[in-house]
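Where a number appears in this text, it was derived from the coordinates with a stated rule and is not lab data. Just so it is clear, the model here is predicted, and its values are computed rather than measured. Quick reminder, even Gly has a Cβ in these numbers, built from the backbone with ideal geometry, and neighbours come from all protein chains shown.
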Amino acid sequence: MPGSLKALVVGCGYMGKIHSANLRKLGVEVFQFDVVKEKCESYLENLAHPADILVIATPIETHYRIFSELYEIHGNEAIYFIEKPVVDNSGKFRKILETGADIFVGHQLRYSMFYGMIRKEIESGSFDVEMEIRSPSDPRAGLILDTGIHFVDLPIYYLGSPESFEARGNRNSFDLILHYNQGVWRIRGELKDYYRIDFSVNGKKGVSDGISMSFDGREFRDLDFYYEEMKDVVLYAMGERKRPRISLESLMKTYEIAFEIAEKMLISYN
């Protein structure tokens, strides 16, 4: 793959390093710095670094500010990749949409073969899905908009918007029931200091701790979905493929529902 593309990665924490490494594997020249820990001598000067792809992998509450600063400099000439959740409230979400920028969001589970098995189990008829999420979370964003949004997105990505939903909880736990004509998809989340997903699809059990995975008694090895999502973004930047499945437009319903869920649970996001 040609190495003519340049990327600016804002944030050198865990996710910033993953995205930087994958961009380099894809032949992209990466300029990387950590704005959060203030390791840069000149913050704005670094934001102005020439780049075709701009990656924001910083704490959630900084996403909108950094996007706005980058957009003021680069406008619609660059492609933006923002870690999930893209922002922490619906007002900021609408303002980002209004820019018309090419924006992709880190919803890598849309690429997961492991979770794709759920789709195969439910696509032919009625279904009953239950998920138990135990995960750390950014306390300033809350569990539903941090880890939880991945699992809110899966049924919407597979099935479209639900007919209705029920939600209760708070920043650290939630109980969500999505009602479809074909069945019910229930998601429970609880703040923990470890990551584990247990689920049942029409009685078949699955589990993932982010590394090892099993479903219906079978061990499973997944794709490197962080690499796959970034590969799609790079190929799009090169004009070699259509808009990736993680485009902001394709995530509209997910974020609309996630913000509505947060409001129903009386969670205030500033």
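Remarks
- Hypothetical label at residue 235: residues of the range 97-122 whose amide nitrogen lies under 20 Å (7 Å Cα-Cβ projection): 102-117
- Distant-in-sequence amide H partners of residue 9 (H built 1.01 Å from N, under 5 Å): 31, 32, 33, 55
- Electrostatic dipole magnitude of the range 1-158 [Cβ: Lys, Arg +1; Asp, Glu -1; Cα centre; debye, to 20]: 240
- Given +1 at the Cβ of Lys and Arg, -1 at the Cβ of Asp and Glu and no other charges, the dipole of the chain around its Cα centre is 340 debye to the nearest 20.
- What the pair-distance distribution of the chain shows, using all Cα-Cα distances binned every 10 Å from zero, is 6, 29, 35, 22, 6, 0 percent.
- Note on residue 256 and residue 98: their simple-model spin labels are 1.8 nm apart, each label 7 Å out from Cα toward Cβ.
- Assuming charge only on the beta carbon of Lys and Arg (+1) and of Asp and Glu (-1), the dipole of the range 113-222 about its Cα centre is about 100 debye to the nearest 20.
- Axis angle, to the nearest 10 degrees, between helix 225-237 and the longest C-alpha principal axis of the chain: 50 degrees.
- Relative contact order computed over the range 113-222 (Cα-Cα under 8 Å; 6+ residues apart), in percent: 32
- For the chain, the longest principal axis of the C-alpha atoms and the axis of helix 148-159 are separated by about 70°.
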